[in-house]
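*Asks:* Have a look at this one.
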Amino acid sequence: MAATLPYILRETSSGIHSYRIQDEMLRRREIQCTGPIDDSAADDLCLQLRYLQQADPAGEITIYINSPGGSVLSGLAIYDVMKAISCPVRTVCLGMAASMAALLFISGDRRDMLPHSQVMIHDPILASPAGGSALEMKALSDNLMRVREITGQVIAEHTGKTLDEVLATTSHDSYFEAAQAVEFGLADRVITTL
């Protein structure tokens, strides 16, 4: 059974109006990154970020993140837009920010976590089938190592860790509860109110 998106009803002098709760959140400069990060999710988030930048170039934008991650290239597109806009971006971890979603969470200007949320970081995972000629396998391997270096540098930049420390930590799935994430430099604070 598909989830029903909540609507808001508002009575005005011209009658009762119905609109999506996401529209109200966007009006308050709040957007969501939930579910897998793919090309469609990246397009939606980048569009919303660019719209909010145009509406108020100095106003803070809040991104609520609860995602298992997904495509590294799609995630890096979101990351690039987050860094290219002039608006400060606050990220809030609800539940889990894993893999590419963790990189987006970590890169916020203010990074808040709810008490029972988690962050999981690891090396990029090969998303395409491992098959083909030796040259194709080498090209895939070279690209994966280049992406590993890029994501490692992003994490290092936003945590204050060295690249070697990050690569050692991301060599396996590393889970951080809220307080641990703050201690490691992945988050700024644990919050109990939104």
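The values are calculated or read from the model by the stated rules, or taken from the named source; none is laboratory data. Everything numeric here is computed off the predicted structure, so don't read it as measured data. Virtual Cβ from ideal backbone geometry, glycine too; neighbours counted across all protein chains shown.
*Asks:* In region 70-116, which residues are in contact with a strand residue (DSSP E or B) (Cβ under 6 Å, 6 or more places away or on another chain), aliphatic (A, V, I, L, M) and part of a helix (DSSP H, G or I)?
*Replies:* Those that are in contact with a strand residue (DSSP E or B) (Cβ under 6 Å, 6 or more places away or on another chain), aliphatic (A, V, I, L, M) and part of a helix (DSSP H, G or I): Met82, Met100, Ala101, Ala102.
*Asks:* Could I ask something else about it? Exactly one condition in (1) at pLDDT 95 or above; (2) out of contact with any helix residue (DSSP H, G or I) (no Cβ under 6 Å at 6 or more places or on another chain) is not met by Met145; state its number.
*Replies:* If we test Met145 against (1) at pLDDT 95 or above; (2) out of contact with any helix residue (DSSP H, G or I) (no Cβ under 6 Å at 6 or more places or on another chain), just (1) comes out false.
*Asks:* So, in region 175-194, exactly how many residues are assigned to a loop (DSSP other than H, G, I, E, B), surrounded by fewer than 16 Cβ atoms within 10 Å (Cβ to Cβ) and without any contact (Cβ under 8 Å) to a residue 60 or more places away in the chain? Walk me through how you get there before you give the answer.
*Replies:* Within region 175-194, the first condition is being assigned to a loop (DSSP other than H, G, I, E, B), and the residues that meet it are 185-188, 191-194.
Filter again for surrounded by fewer than 16 Cβ atoms within 10 Å (Cβ to Cβ), leaving 191-194.
Applying the additional criterion that residues be without any contact (Cβ under 8 Å) to a residue 60 or more places away in the chain yields 193.
Result for region 175-194: 1.
*Asks:* Only one of Ser74, Ser18, Ser86, Ser13 is over 30 Å from Ser174 (Cβ atoms), touching a helix residue (DSSP H, G or I) at 6+ places or on another chain (Cβ under 7 Å) and small (Gly, Ala, Ser); which?
*Replies:* Details: Ser74 fails: over 30 Å from Ser174 (Cβ atoms); Ser18 fails: touching a helix residue (DSSP H, G or I) at 6+ places or on another chain (Cβ under 7 Å); Ser13 fails: touching a helix residue (DSSP H, G or I) at 6+ places or on another chain (Cβ under 7 Å).
Criteria check complete, one pass: Ser86.
*Asks:* What is the residue count in region 136-174 for residues that are free of Cβ contacts under 8 Å to residues at least 12 places away in the same chain and surrounded by 17 or more Cβ atoms within 10 Å (Cβ to Cβ)?
*Replies:* Number of matching residues: 1.
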